[in-house]
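The numbers here are math on the coordinates, done by the rules we state, and not lab data. On a predicted model such as this, the values are computed, not experimentally measured, just so you know. Methodologically, a virtual Cβ is constructed for each residue, glycine included, from the backbone with ideal geometry; neighbour enumeration extends over all protein chains shown.
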Amino acid sequence: MVGARWDEEPGPVRGCLACDLTTGDTPLPGGTVLRTDAWVVEHCVGPFGLGTVVVKPTRHVLHVAGLTAAESAELGPLLQRVSAAVTTVMDPEQVYVCLWSHVGGTPGHIHFVVQPVTRATMDRFDTYGPALQRAMGEAAELPPGPDVERVCDRLRDLLGPVTGT
């Protein structure tokens, strides 16, 4: 049904990694990069490389169709703004933006991965696009914490102070 709110949760869901990172129940390297009333930006805790950030709703949402009109209106401009900041800080050849939402084959808290991709990374893994993300996932290499902190500080400088609730 169009407009159905089948996945709305008024607050964080315990045990959801996305929610637990936002609430501080799980340590977040680099801290919150940006927060609005509807969205939060954090450095990715997965193996997609230094400078990869996640843009996710502040509330627990499982489907893009479950976003409110206000959340939807903010999303496009926010993804562009975050992608521009990642481009400035990381100087990639391309910035991938993709939706991730499954946890163990079940819909989870939606999040948009904003990933800077360099020629060196593509050459190292000898691939690009979704195959590059798969190869990076299989390699399971996490960026060093001090580097994540440095990149997050630079992104905050460009994106402005953390606001919202």
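Taking all pairs of different Cα atoms in the range 14-109, averaging 1/r and flipping that mean, what Kirkwood radius in angstroms comes out? Walk me through the intermediate numbers first.
Working: mean 1/r = 0.0709 Å⁻¹.
About 14.1 Å for the range 14-109.
Semi-axes of the range 116-165's equivalent ellipsoid from the Cα gyration tensor, sqrt of 5 times each eigenvalue, largest first, rounded to whole Å?
28, 12, 11
Kindly express, to the nearest 10 degrees and within the range 0 to 90, the angle between helix 129-139's C-alpha long axis and the longest C-alpha principal axis of the chain.
80
Across every pair of different alpha-carbon atoms, what Kirkwood hydrodynamic radius in Å does the chain reach?
Numbers: mean 1/r = 0.0615 Å⁻¹.
About 16.3 Å, per the Kirkwood formula over Cα pairs.
Taking the chain as a whole, which cysteines find no other cysteine Cβ under 4.7 angstrom from their Cβ?
CYS44, CYS98, CYS152
Could you run the Karplus curve 6.51 cos²θ - 1.76 cosθ + 1.60 with θ = phi - 60° over the range 151-158 and give me ³J(HN,Hα) per residue in whole Hz, x for Gly and Pro?
5, 5, 4, 5, 5, 4, 4, 7
The range 13-110: which GluC sites (Glu not before Pro) are DSSP loop and have at most 16 other beta-carbon atoms within 10 angstrom? Before the final figure, lay out each step's value.
Details: sites: GLU42, GLU71, GLU74, GLU93; in loops: GLU93.
When the GluC sites (Glu not before Pro) of the range 13-110 are filtered for loop state and at most 16 Cβ neighbours within 10 Å, GLU93 remain.
Of GLN80, PRO146, LEU17, which is farthest along the charge dipole of the chain in the positive direction, counting Lys and Arg as +1 and Asp and Glu as -1 at C-beta?
GLN80
Given Cα positions, please report Rg to Rh for the range 92-142, the hydrodynamic radius being the Kirkwood one.
Numbers: Rg = 12.0 Å, Rh = 11.9 Å.
Rounded to two decimals, Rg/Rh equals 1.00.
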